[in-house]
Structures are given as structure tokens and as C-alpha cells.
Amino acid sequence: MVGQHGDLACCVRCVGPTAAGRLARRAVLSAAVHPRAADPQRAAPAARPSVPPGTGSPAASSRPLPAGPAPAAACPVLTGTVLDTSPHVVAFLDGDREQRVALSPDASIWRGRPADATFLEAGDSVVIRLLPGMRAVADRIWANAGRVTGLIVASDRDGLLVDEGRTASHQAVVIPPRAAGRLQVRFPRLEPGYLLDVIGLRHPGYLEAWVPATSQPAHRPAAAPAPGLARTRVAASIPGSASWHEPACAAEAAGVRYPALDPGTACLEHPLPGSPSPHLPYLSVGSLLRVRNECTGTTGGWPVSGCAATAPAFCDRCVTCGTSPRGRLASLPMASFVAMGGDLERGCFNATVSVGQPS
């Protein structure tokens with residue numbers, strides 16, 4: 001089988017003094033392009049967005065969000081490692097604390113495919129979404145879910161090796177015979193030089209792929225059409241889609257990856273070549289990004305923790321509820337994606353992002 005190699009480095013890295021100076025200069029340029037109100041004391045203060053607990057700190061924005069219905073609250077989410085299961089109760093270890101959740105009558109479990117509680121095993125890594133208003137009743141459980149998104153760099157009869165970007169190690173992917181037909185309908189070219197985005201079961205050292213997260217672009221990333229020139233200024237709110245990833249470290253689990261990381265920082269990794277997504281403003285690590293799930297109305301805010309290096313290469317649409325505009329705007333950690341109402345096996349939700357500045 002193709003082996004996994006490469007050093008795994010967290011995307012959150014400190015910037016040097018040169019980069020810090022560039023960031024300070026960008027704030028001055030941003031103020032010149034997007035001036036604040038002439039008289040801040042007389043200008044009406046912009047309403048602060050409602051940010052669900054645990055999804056980031058509220059921040060004032062230089063441009064208020066468009067008026068609309070109040071955002072829905074995020075769903076409570078628990079994560080941990082399974083200790084024991086029964087048909088009605090799951091015991092798991094959350095950090096160093098043992099917890100138990102009951103399964104609602106309509107609870108569903110995903111472990112590569114829909115399953116029941118008897119399929120859960122001790123040692124499984126789980127993401128649990130609770131019923132709203134219920135502190136210990138599970139609505140959905142995902143066990144050992146994983147995802148690999150990137151460029152195929154090697155292949156043999158036993159598996160694939162995928163490049164997810166400079167700050168991630170190469171990922172080994174194994175396709176079970178029962179899933180091969182389903183995957184190749186959406187990804188017919190499983191060979192070096194083509195893109196791959198699959199969801200499945202995470203094992204030590206490799207991913208067992210079961211679900212295609214999108215459709216494979218017809219061209220190699222290096223042969224993608226050149227982007228057109230931007231004819232308008234960047235909008236305050238940008239529609240598209242949001243996806244999810246497995247966080248590389250604890251610090252990244254509290255942030256969000258963004259496709260257009262500021263090249264003036266020291267944290268920019270080399271993105272995959274390809275047609276870029278919508279015209280996005282450059283952001284730096286630590287900038288606040290607000291994401292709205294257009295399917296559920298849930299809104300959350302996170303600091304940018306790194307670059308979604310593979311997102312520009314997938315200029316696709318999400319069809320979770322209707323059809324989104326083309327472009328992946330953000331990549332959320334698994335728990336944040338689930339808290340926003342997303343289902344991991346779907347891979348995305350229709351989203352709108354807007355930029356705020358941390359207070």
C-alpha cells in the first residue's frame with residue numbers, strides 16, 4: 001500500500017517582524033478603501049452579530065451585516081472516545097471525564113454508512129450532536145469520520161497518496177471494493193495529477209474511503225482556466241459553500257481555514273494550482289470570519305487559523321439545500337461543522353461568509 005509520509009505541522013505559526021509590519025500597513029490601506037463613518041460619536045453603532053457559545057467571540061464589524069432573520073442557535077456538540085455502548089446509551093471519554101448520552105428514538109449513527117449503536121466499538125472517536133434543549137440525549141453520532149481532500153500524487157493497486165498542502169502530511173487512501181463503483185462515478189480518474197475529495201473511516205495511517213464529497217473536476221488543476229479580472233469591489237457578504245476538515249492540532253480546532261490567506265504573512269502555504277473561487281478578500285491569521293449556514297440559519301464566528309490550500313482547486317457547488325454559488329469559502333473543523341447543523345457525510349452546506357475584525 002502507498003505509505004504515508006511528510007511532517008505534520010500545525011497551520012498556526014507565528015509571524016516575523018517583517019510580516020507584522022506588512023499587516024499594520026494593510027490595516028491603513030483597508031481604512032483608506034473602506035472608511036468608517038465621518039463622525040463616530042454621532043454614527044449609530046452597528047448591531048453586533050449573535051455568535052453561538054463556543055464558536056468564537058463577537059466582534060464589531062466595519063460594515064454591518066445585511067438585515068435578516070435572527071440567526072439560529074448552534075447545536076450542542078460533544079466529542080470523545082467510546083468506552084462502552086448499549087442499544088440505548090453510549091458511554092465515552094471526553095478528555096479525562098467519562099460521560100454518557102442516551103439515544104433518542106430517532107437517533108442515527110454513521111460509521112462509514114448508517115448503523116446502529118451495536119456497530120460502535122470501544123476506542124471509536126465520536127462526534128455527537130445533541131438534541132436542542134437536551135443536555136444528554138444524542139440526535140446524531142459520527143464514529144471515526146475522516147476526510148482527505150487534495151491532489152493525487154501516487155497510486156497503486158492498494159491505494160492512493162494525496163497531497164493536502166504544505167502544512168499537512170501526505171494522506172494514504174484505501175478504497176474498499178464495495179465502495180469503488182460509487183466513488184468512481186464521481187471520481188473516474190484515480191491517478192496522479194487529478195483531484196480527490198472523499199469521506200470515510202479514519203484508521204491509523206490511512207483513510208478508508210466510502211463517500212465522494214463532490215464530483216471530480218474534468219481537468220487537471222494545472223490546466224484550470226485562468227481567473228477573470230475582478231470588475232467590482234469585494235462584497236461585504238459572499239455566498240458559496242463551507243466544507244470541513246480534520247483539525248491538525250488543538251489550536252486549529254478552535255479556528256477556521258480560509259482560501260485567501262494574506263501572502264504578506266509567514267503562514268501562507270503553497271496552495272494547489274487551479275481556478276480560484278469567488279473573488280475573496282485577503283485575510284491574515286487571527287482575522288474573524290463569520291459563517292452562516294443558509295440551510296439552517298445558524299451563524300458562528302471563528303478566527304482564521306490557516307489556509308484552505310485545496311479549496312480554490314474545487315470551484316464546485318453545494319446542493320445540501322438548493323444549489324449554492326460556486327466556490328468553497330471556508331473549511332471548518334469537524335465539531336464546528338456539526339454544531340452549525342452540517343452532516344459530515346454530506347461534506348458541505350450552503351453558506352455565506354462575512355469578514356469582521358476582532359475586538
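Normalise the Cα radius of gyration of the stretch 292-359 by 2.2 N^0.38 Å (N = residues in it) and let me know the number. Could the numbers behind the result be given before it?
Values: Rg = 11.8 Å, N = 68, 2.2 N^0.38 = 10.9 Å.
The value comes to 1.08.
State, as an integer percentage, the relative contact order of the stretch 77-143 based on alpha-carbon contacts under 8 Å between residues 6 or more apart. Display every interim value, and only then the final one.
Details: 149 pairs, mean separation 24.5, N = 67.
Relative CO of the stretch 77-143 lands at 37 percent.
I want to verify the translational diffusion coefficient of the stretch 77-143 in µm²/s; compute it with Stokes-Einstein, Rh as the Kirkwood radius over Cα pairs, at 4 °C and 1.567 mPa s. Could the numbers behind the result be given before it?
On the way: Rh = 11.5 Å.
Translational diffusion coefficient: 113 µm²/s.
What fraction, in whole percent, of alpha-carbon pairs in the stretch 147-214 exceed 20 Å separation? Mind showing how you got there, number by number?
Working: 299 of 2278 pairs.
When every Cα pair of the stretch 147-214 is considered, 13 percent fall beyond 20 Å.
Within a 10 angstrom radius of the beta carbon, how do Arg140, Arg135, Arg147, Arg182 rank from fewest other beta carbons to most?
Numbers: Arg140 21, Arg135 9, Arg147 24, Arg182 14.
Least crowded to most crowded, the residues run Arg135, Arg182, Arg140, Arg147.
Based on other C-beta atoms within 10 Å, arrange Glu164, Glu294 from fewest to most. Could you put the intermediate results ahead of the total?
Values: Glu164 23, Glu294 19.
Ranking Glu164, Glu294 by Cβ neighbours within 10 Å, fewest first, gives Glu294, Glu164.
Once the Cβ-Cβ distance between Arg189 and Ser237 is put in as r, and R0 is 35 Å, what FRET efficiency do you end up with, to the nearest 0.05?
Details: r = 35 Å, r/R0 = 1.01.
E(calc), rounded to 0.05, equals 0.50.
For the stretch 147-214, give the magnitude of the charge dipole about the Cα centre (Cβ charges: +1 Lys/Arg, -1 Asp/Glu; no others), in debye to the nearest 20. Spell out each step's value before the answer.
Numbers: 8 positive and 7 negative charges, 46 e Å.
For this selection, approximately 220 debye.
All of the numbers you see were taken from the coordinates with simple rules; none came from a lab. For clarity, every value in this text was computed on a predicted model and none was experimentally measured. All Cβ positions, even for glycine, are placed from backbone atoms using ideal geometry, and neighbour counts span all protein chains on display.
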